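Heads up, the thing below is written out as structure tokens.
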Amino acid sequence: MEFVIETKNLTRKFGDLVAVDNLNIQVKEGEIFGFLGPNGAGKTTTISMFCTILKPTSGTATINGFDIIKNRGQVRKSIGIVFQDPSLDDRLTGEENLKMHAGLYGVPKTERKKRIEEVLEIVELKDRAKSIVRTYSGGMKRRLEIGRGLIHYPKILFLDEPTLGLDPQTRTHIWDYIRKLAKKEKITIMLTTHYMEEADELCDRIAIIDHGKIVALDTSINLKNSLEGDLITIECKNTPECNVTNVLAEKVKTLDFVLNVKNMDDKLNLFVKNGETAVPKILDFARENNIQVYSTSVRKPTLNDVFIKYTGREIREEGADSKEGMRERARMRR
Amino acid sequence: MSEIDGVYWVWLRELIRFWRFKSRILTSIIQPLLFLIVLGGGFSFVSLGSVNYQSFLFPGIIAMSLLFSSISSGISVIWDREFGFLKEILVAPVSRLSIFFGKALGGASTAIIQGLIILALSFILSIVITPSSFLISLAVMLIFSLGMVSVGLIIASFLESFESFGVIMNLLIFPIFLLSGALFPLNEAPEWLKAISMFNPMTYATDALRGAIIGTSTLPLMYDFIVISVFSVVMIIIGGISFNRQK
């Protein structure tokens with residue numbers, strides 16, 4: 001078996017809405033594979049189908065060689081899941097949550113104790129194992145859920161927005177745990193996220209997904225390199241008589257080292273070859289055309305730029321809709 | 001193997017949670033005791049043949065406690081759904097039916113524990129519990145509470161949120177309780193009341209408990225047992241099906 005996850009025209013519709021549209025991906029063993037996209041892009045729907053919670057409208061997928069429609073039981077045994085929303089029994093202790101999971105997933109009785117200790121070790125919750133989950137912090141709960149997903153030696157671990165609603169410090173901690181367990185447990189990890197940094201930090205390959213379709217799929221470096229150049233941002237002083245930004249935008253297009261121009265009102269985003277040498281040339285060019293430049297900056301492209309290139313908008317725009325906000329607040333309270 | 005494990009863990013979880021809330025155990029005993037002491041005390045001038053009202057009320061209060069605790073533990077699935085835990089159980093490689101049975105047995109076990117605690121208080125009323133009356137009571141408790149937990153699970157699989165919990169409480173649990181002959185003898189009641197109560201499974205559970213504990217029952221014990229057994233089996237089947245169907 002070559003790929004641990006392989007989909008064939010996987011599609012899911014909700015009424016008229018096509019949440020996942022003819023998805024075709026192949027994930028190799030041991031890979032950390034990320035789905036990056038705004039809320040509503042179809043990430044959770046895809047994961048739910050992989051976990052056999054949701055049936056595809058058409059197409060199918062194999063997980064660890066098992067068909068998600070025909071071999072649901074085998075699929076479920078092969079995977080560990082960390083849901084987007086909390087799913088612990090917070091009236092039980094951490095250890096009891098793990099024990100119950102081991103029982104439900106049929107981990108042999110003789111191995112349970114050892115395995116639970118191993119997992120507690122990985123997520124560093126050994127000293128709190130006997131405390132009621134209610135007393136855990138948000139990050140600890142998340143770690144326990146990740147640990148729980150590992151108990152039954154899954155081949156693949158699904159993490160649906162693993163750091164949603166956690167503070168930045170806790171987030172980097174969780175990333176450490178994910179990296180650690182990928183190495184230690186030698187499993188394939190598939191995660192969804194709408195945080196650029198998360199995809200960038202963790203994933204070997206990233207699929208950018210929008211409106212249920214994959215718009216780009218590659219390593220983070222290749223995705224960024226696909227933009228072929230650096231990003232220069234130029235800020236001009238518009239006057240009421242003349243929108244000089246527009247004027248400049250039209251003119252720089254003629255320069256041969258400028259690959260792409262995006263006019264954002266009073267700012268220009270230029271993709272150029274070799275940004276460091278391009279800046280003085282552009283400034284000279286602006287001066288020649290009597291355009292006053294207010295500020296400039298040069299940077300390497302980020303995943304955000306990649307996302308904008310492929311979808312035409314920023315991921316953040318939809319990153320905080322009201323339901324999302326509610327969920328984040330609910331998570332913080334817990 | 002894994003299926004039995006599944007039933008076992010879902011059952012154990014109910015017991016752990018029950019045990020952890022000592023306050024819940026306490027309130028679940030205090031409420032029936034209040035009925036017994038206040039209502040029983042207030043009507044102590046009434047005597048029904050050879051027994052006083054308090055002793056007459058005692059088996060009814062056990063049935064009441066079983067009813068309340070069984071249905072609420074069935075409905076507690078709504079909370080599990082709301083707090084996400086249900087998902088963890090539902091994606092496990094264990095059949096829905098095992099989860100249903102684990103839940104039903106767990107709810108029945110906690111209801112029976114509460115019933116037994118009240119039964120143990122029989123000495124206050126100088127009621128003597130013989131081994132046979134104990135075993136019959138235990139059997140009634142098991143059959144009746146399994147049926148009622150299933151009723152709760154059926155409701156939970158149709159309800160979206162626990163906002164409707166109060167409605168269920170008032171429209172279902174209280175009528176079942178009041179129309180069961182737990183508080184008054186049905187053979188002295190008006191015909192219409194008697195007629196409605198005959199359709200209430202709790203009537204038979206109460207009657208059987210009364211027969212076992214204080215030795216006065218309206219119907220033959222066997223008859224009571226058949227009715228509550230049929231009720232429970234039907235509820236378990238409907239419950240299993242509806243639990244299987246829910247998302």
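Would you mind listing the helices (runs of 4 or more DSSP H) fully within region A:261-334 where at least 2 residues are modelled with pLDDT of 80 or more? Spell out the reasoning first.
Numbers: elements: A:275-288, A:303-311, A:322-333.
Result: A:275-288, A:303-311.
If you check B:Ala92, B:Ala111, B:Ala104 for being outside any helix (DSSP H, G or I) and touching a Leu at 6+ places or on another chain (Cβ under 7 Å), only one passes: B:Ala92.
Yes or no: A:Ile81 of a type in the set (A, V, I, L, M, F, W, C), facing chain B (nearest Cβ under 9 Å) and not in a loop (DSSP other than H, G, I, E, B)? Considered against the rule, which asks whether it is of a type in the set (A, V, I, L, M, F, W, C), facing chain B (nearest Cβ under 9 Å) and not in a loop (DSSP other than H, G, I, E, B), A:Ile81 comes out as yes. In the set (1) in a helix (DSSP H, G or I); (2) within 11 Å of chain B (Cβ to nearest Cβ); (3) touching a residue at least 24 places away in the same chain (Cβ under 8 Å); (4) of a type in the set (D, E, K, R), the condition left unmet by A:Glu95 is number (2).
Screening B:Ala63 against (1) part of a helix (DSSP H, G or I); (2) surrounded by fewer than 16 Cβ atoms within 10 Å (Cβ to Cβ) leaves a single unmet condition, (2).
Among the candidates A:Ser131, A:Ser87, the residue that is open to solvent by 20 Å² or more (accessible area, probe 1.4 Å), of a type in the set (Gly, Ala, Ser), within 14 Å of another protein chain (Cβ to nearest Cβ) and closer than 26 Å to A:Glu161 by Cβ is uniquely A:Ser131. For region A:117-128, filtered to residues that are under 29 Å from the mean Cα position of the chain (by Cα) and either among the charged types (D, E, K, R) or within 13 Å of another protein chain (Cβ to nearest Cβ) (or both), the residue that is least open to solvent (accessible area, probe 1.4 Å) is A:Glu118.
Any chance you could count how many residues in region A:98-116 are basic (Lys, Arg) and facing chain B (nearest Cβ under 10 Å)?
Kept after step one, since they are basic (Lys, Arg), are these residues of region A:98-116: A:99, A:109, A:112-115.
Still in the running and facing chain B (nearest Cβ under 10 Å): A:99, A:109.
Qualifying residue count, region A:98-116: 2.
The residues listed here are B:Arg210, B:Arg245; of these, the one that is basic (Lys, Arg) and over 24 Å from B:Gly40 (Cβ atoms) is B:Arg245.
Quick one: how many residues across region B:197-247 are under 30 Å from B:Ile78 (Cα atoms) and open to solvent by 60 Å² or more (accessible area, probe 1.4 Å)? Selection size over region B:197-247: 10. For region B:17-55, the set of residues classified as within 13 Å of chain A (Cβ to nearest Cβ), surrounded by fewer than 17 Cβ atoms within 10 Å (Cβ to Cβ) and either in a helix (DSSP H, G or I) or charged (D, E, K, R) (or both) consists of B:Trp19, B:Arg20, B:Lys22, B:Ser23, B:Arg24, listed by residue number. From B:Gly84, B:Gly6, grab the single residue that is within 14 Å of chain A (Cβ to nearest Cβ), open to solvent by less than 70 Å² (accessible area, probe 1.4 Å), farther than 23 Å from B:Ser137 by Cα and in contact with a Phe, Trp or Tyr (Cβ under 7 Å, 6 or more places away or on another chain). After ruling out the rest, the residue left standing is B:Gly84. A:Phe35 meets all of the listed conditions (1) within 14 Å of another protein chain (Cβ to nearest Cβ); (2) aromatic (Phe, Trp, Tyr); (3) in contact (Cβ under 8 Å) with a residue 40 or more places away in the chain but one, namely (1).
Every residue, every condition in (1) in the same structural domain as A:Gly103 (by TED's automatic domain parsing); (2) open to solvent by less than 40 Å² (accessible area, probe 1.4 Å); (3) in contact with a Lys or Arg (Cβ under 9 Å, 6 or more places away or on another chain), yes or no:
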residue	(1), (2), (3)
A:Glu161	yes, yes, yes
A:Arg171	yes, yes, no
A:Asp176	yes, no, no
A:Thr188	yes, yes, yes
A:Ala199	yes, yes, no
A:Ile209	yes, yes, yes
A:Leu217	yes, no, yes
A:Phe257	no, yes, yes
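When you check B:Ser132 against the structure, is it within 27 Å of A:Pro154 (Cα to Cα), surrounded by fewer than 18 Cβ atoms within 10 Å (Cβ to Cβ) and hydroxyl-bearing (Ser, Thr, Tyr), yes or no? Answer is no for this residue. The residues on offer are B:Ser109, B:Ser98, B:Ser69, and the sole one that is touching a residue at least 12 places away in the same chain (Cβ under 8 Å), within 11 Å of chain A (Cβ to nearest Cβ) and surrounded by 17 or more Cβ atoms within 10 Å (Cβ to Cβ) is B:Ser98.
Here B:Glu160, B:Glu191 are screened, and the one residue that is open to solvent by 70 Å² or more (accessible area, probe 1.4 Å) and modelled with pLDDT under 90 is B:Glu160.
For A:Asn71, state whether it is touching a strand residue (DSSP E or B) at 6+ places or on another chain (Cβ under 9 Å), open to solvent by 30 Å² or more (accessible area, probe 1.4 Å) and more than 8 Å from chain B (Cβ to nearest Cβ). Talk me through it step by step, then tell me what you get.
Values: touching a strand residue (DSSP E or B) at 6+ places or on another chain (Cβ under 9 Å): yes; open to solvent by 30 Å² or more (accessible area, probe 1.4 Å): yes; more than 8 Å from chain B (Cβ to nearest Cβ): yes.
Here the answer is yes, as A:Asn71 does meet what is asked.
The values are calculated or read from the model by the stated rules, or taken from the named source; none is laboratory data. These figures come from a predicted structure and were not determined experimentally. Glycine also receives a Cβ, built like all others from the backbone with ideal geometry; neighbour counts cover every protein chain displayed. With ligands, DNA and RNA removed, areas are computed over all heavy atoms of the protein, side chains included. Shrake-Rupley method; radii C 1.70, N 1.55, O 1.52, S 1.80 Å.
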